[in-house]
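Each remark here refers to the structure printed beneath this line.
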Amino acid sequence: MTTYQTRRGAYTYGQAVGILLLDAKAPFIPGDVANATSYDYPVIYKTVEGLSTSVCLNGAPEFHEKLAAAAKELAREGVKGISSDCGFMLQFQEAVAEAVDIPVCMSSLLQLPFIARSLDPSQPIGVITADSTNLDEGFLTRGGIKLPPNPLIIRGMQDEPEFKTAVLEEKGTLDSDLITAETVACAEKLLAEYPTMGAILLECSMLPPYAKAVQDAVGLPVYDFISAIDYLSAGMRPRAYTGGY
Amino acid sequence: MPVYKTRPAAEAYGYCVGILLLDYQVPFVPGDVGNADTYDYPVLFKVVEGATYPRVFVGDPELEPAVIEAAQALEAQGVKAISSDCGFFLNYQDVIAKAVNIPVCASSLLQVPFVASFLGKSKSIGVITADSSALSNHMIAKIGLDNDRKLVIKGMQEKPCFDKQIMKEGDELVTEDIERETVEVALEMQRENPDLGAILLECSMLPPYSKAVQEATDLPVYDFITMIDYFQRGTHQKAYDTPRHYY
């Protein structure tokens, strides 16, 4: 017999990951971090009011406490891990990890040292981000990331017309065919310039829908926000093995 | 129209991850790295000739050519990433990564810094290994964990069933025995380290017991399979084919 206790503050149970969201309005399509069908397990979302995309990308230390409080609320509801829908939330990784007792992966960028370890140090890693004007090695270091020896080539989507208007300017519609073409072109250019590139990391939470197209085009390992969240959740959802031997 | 090229060294196609195996014979139960039914995708195994575990534990440099040859043979067969069935293959991680053009995750221990990055600064990370006496300072340095993160290591080598059935290559493996011993070690680790934030199982024969360890400790538990799944994922991106109106 297994006895379960009421979790005070919880209205539902079984939520695997709690995801803190930017205060942003755009269509979050299947594959997006903020689309619930992107996962093989249930997730629960919580918007951080006032934390717009541009505020987050430009750095928002005044939001540390608000993020920590939101994460605590998600933890009280019983989630087993905390994540977010913006790689730039790396700036809140420490504040949130200190606030809760469950594992926290606020940013896709936390994968960088792990990805680098699987490659030879001479192989460049391409990072495709929403906004390369705000993402540099200093930002990664301040966020607690130990820079790998591999060259990091950071490219942004901020000047791509559909990505810019749909994601950064929130025009209210999103054409996924156009963003596929824009993301694939960015990746192909990266590979053309750095033929020994070992892997590509998609920073932005709105890019995982295009990860497969990027991989099909360049034939490299491609990591994204969903691969980080899947890994985070794997530690709290160990499998029962029933196969043969 | 896609055009596919023959891969001259390939006997068959579609293998996702290639796994280097110790020269070692015990029953690999479901959940073990050396059990093909552990995975949701096809894997290709290759025994590294002469790779007995005492040699891999110390990183015998004379074994390097055989390790590289086996890894390159797997790559030539078309696998998209390479792993192994012993965390002590960490000793060969760098030479394999240099020798092939696909991602290499030869050791479960590579996950330690990644998992640590999920935890608050005051939390420690625990490693349960087959043999803690063999996990040298040299190897611990290779893990690449920040110096200010507390690392706790415990071995299974003094547990009688693990010693008899696994270390001494017994003919029989009783999963209830190994599960009980692994949970004992994990609970002892948690008792001694109230700041423990996550557990990593180093040994490729321990993933069958991750679930029991997680349930007993209520901590996140990572193992060889969580790592192999991760690299499979990165080398095999999925289509989100949910109907368009699910947005």
Please verify whether the range B:159-168 includes one or more residues that are surrounded by 16 or more Cβ atoms within 10 Å (Cβ to Cβ), of a type in the set (A, V, I, L, M, F, W, C) and free of Cβ contacts under 8 Å to residues at least 24 places away in the same chain.
yes
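Can you go through A:ALA34, A:ALA16, A:ALA97 and tell me which one is in contact with a helix residue (DSSP H, G or I) (Cβ under 6 Å, 6 or more places away or on another chain) and modelled with pLDDT of 95 or more?
On the way: A:ALA34 fails: in contact with a helix residue (DSSP H, G or I) (Cβ under 6 Å, 6 or more places away or on another chain); A:ALA97 fails: in contact with a helix residue (DSSP H, G or I) (Cβ under 6 Å, 6 or more places away or on another chain).
Result of the check over A:ALA34, A:ALA16, A:ALA97: A:ALA16.
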Confirm whether B:SER132 is more than 22 Å from A:PRO121 (Cα to Cα), within 19 Å of the chain's Cα centre (by Cα) and assigned by TED's automatic domain parsing to the domain that holds B:GLU202.
yes
Taking B:ALA10 as meeting all but one of (1) closer than 30 Å to A:SER108 by Cβ; (2) touching a Gly at 6+ places or on another chain (Cβ under 9 Å); (3) more than 14 Å from chain A (Cβ to nearest Cβ), write down the number of the exception.
(1)
Considering the range A:213-240, residues that are outside any loop (DSSP other than H, G, I, E, B) and charged (D, E, K, R), and then whichever is farthest from the other protein chains (Cβ to nearest Cβ), we arrive at A:ASP216
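For every residue, the table says whether it meets (1) within 19 Å of B:ALA99 (Cα to Cα); (2) modelled with pLDDT under 95; (3) outside any strand (DSSP E or B).
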residue: B:VAL3; (1), (2), (3): no, yes, yes
residue: B:ALA10; (1), (2), (3): yes, yes, yes
residue: B:TYR13; (1), (2), (3): no, no, yes
residue: B:ASP32; (1), (2), (3): no, no, yes
residue: B:LYS46; (1), (2), (3): yes, no, no
residue: B:PHE57; (1), (2), (3): no, no, yes
residue: B:LEU74; (1), (2), (3): yes, no, yes
residue: B:SER83; (1), (2), (3): yes, no, no
residue: B:PHE89; (1), (2), (3): yes, no, yes
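Does A:GLY9 meet the test of being more than 30 Å from B:GLN93 (Cα to Cα), at pLDDT below 95 and in a loop (DSSP other than H, G, I, E, B)?
On the way: more than 30 Å from B:GLN93 (Cα to Cα): yes; at pLDDT below 95: yes; in a loop (DSSP other than H, G, I, E, B): yes.
It is true that A:GLY9 is more than 30 Å from B:GLN93 (Cα to Cα), at pLDDT below 95 and in a loop (DSSP other than H, G, I, E, B).
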So which residues in the range A:54-103 are within 17 Å of A:SER205 (Cβ to Cβ) and part of a loop (DSSP other than H, G, I, E, B), if there are any at all?
A:ALA60, A:ASP85, A:CYS86
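Return a yes/no flag: does the range A:54-70 have any residue that is among the hydroxyl-bearing types (Ser, Thr, Tyr), touching a residue at least 40 places away in the same chain (Cβ under 8 Å) and touching a helix residue (DSSP H, G or I) at 6+ places or on another chain (Cβ under 7 Å).
To start, the set of residues in the range A:54-70 that are among the hydroxyl-bearing types (Ser, Thr, Tyr) comprises A:54.
Still in the list and also touching a residue at least 40 places away in the same chain (Cβ under 8 Å): A:54.
Next, only the ones that are touching a helix residue (DSSP H, G or I) at 6+ places or on another chain (Cβ under 7 Å) stay: none.
No, the range A:54-70 has no match at all.
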A careful count of residues in the range A:158-212 that are surrounded by fewer than 21 Cβ atoms within 10 Å (Cβ to Cβ), within 14 Å of chain B (Cβ to nearest Cβ) and in contact with an Asp or Glu (Cβ under 6 Å, 6 or more places away or on another chain) gives 1
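So which of B:ARG233, B:ARG191 is closer than 30 Å to A:VAL218 by Cα, assigned to a helix (DSSP H, G or I) and among the charged types (D, E, K, R)? Spell out how you get there, then give the answer.
On the way: B:ARG191 fails: closer than 30 Å to A:VAL218 by Cα.
Residue meeting the stated conditions: B:ARG233.
Within the range B:207-230, can you find the residues that are at the interface with chain A (Cβ under 7 Å from one of its Cβ atoms) and assigned to a helix (DSSP H, G or I)?
Our first condition is that a residue be at the interface with chain A (Cβ under 7 Å from one of its Cβ atoms); within the range B:207-230, this holds for B:208, B:210-211, B:214, B:220-222, B:226, B:229-230.
If the condition is that a residue be at the interface with chain A (Cβ under 7 Å from one of its Cβ atoms) and assigned to a helix (DSSP H, G or I), then B:PRO208, B:SER210, B:LYS211, B:GLN214, B:THR226, B:ASP229, B:TYR230 are the ones that fit.
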In this structure, is A:VAL127 assigned by TED's automatic domain parsing to the domain that holds A:VAL184 and surrounded by 22 or more Cβ atoms within 10 Å (Cβ to Cβ)?
yes
Return the residue satisfying two criteria in turn: it lies in the range B:121-144 and is buried (at least 17 other Cβ atoms within 10 Å of the Cβ), assigned to a loop (DSSP other than H, G, I, E, B) and modelled with pLDDT of 95 or more, and of such residues it is nearest to the other protein chains (Cβ to nearest Cβ).
B:LYS123
Please work out which one of (1) over 20 Å from B:GLY31 (Cα atoms); (2) outside any helix (DSSP H, G or I) is the condition B:GLY170 fails and give its number.
(1)
A:GLN111 versus (1) under 30 Å from B:ILE82 (Cα atoms); (2) assigned to a loop (DSSP other than H, G, I, E, B); (3) not small (Gly, Ala, Ser): which is the lone unmet condition?
(2)
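Every residue, every condition in (1) of a type outside the set (D, E, K, R); (2) touching a Ser or Thr at 6+ places or on another chain (Cβ under 7 Å); (3) under 26 Å from B:ALA97 (Cβ atoms), yes or no:
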| position | (1), (2), (3) |
| --- | --- |
| A:VAL214 | yes, yes, yes |
| A:GLY219 | yes, no, yes |
| A:ASP224 | no, yes, yes |
| A:PRO238 | yes, yes, no |
| A:TYR241 | yes, yes, no |
| A:GLY244 | yes, no, no |
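Can you spot a residue in the range A:145-152 that is away from chain B (no Cβ under 13 Å), more than 30 Å from B:PRO194 (Cα to Cα) and not charged (D, E, K, R)?
Of the residues in the range A:145-152, the ones away from chain B (no Cβ under 13 Å) are A:151-152.
Subsequent filtering for residues that are more than 30 Å from B:PRO194 (Cα to Cα) retains A:151-152.
Filter once more, so that each one left must be not charged (D, E, K, R): A:151-152.
Within the range A:145-152, one or more residues are away from chain B (no Cβ under 13 Å), more than 30 Å from B:PRO194 (Cα to Cα) and not charged (D, E, K, R).
The values are calculated or read from the model by the stated rules, or taken from the named source; none is laboratory data. Nothing here was measured: the structure is a model prediction, and the numbers come from that model. Positions of Cβ are backbone-derived with ideal geometry, glycine not excepted, and every protein chain shown enters the neighbour counts.
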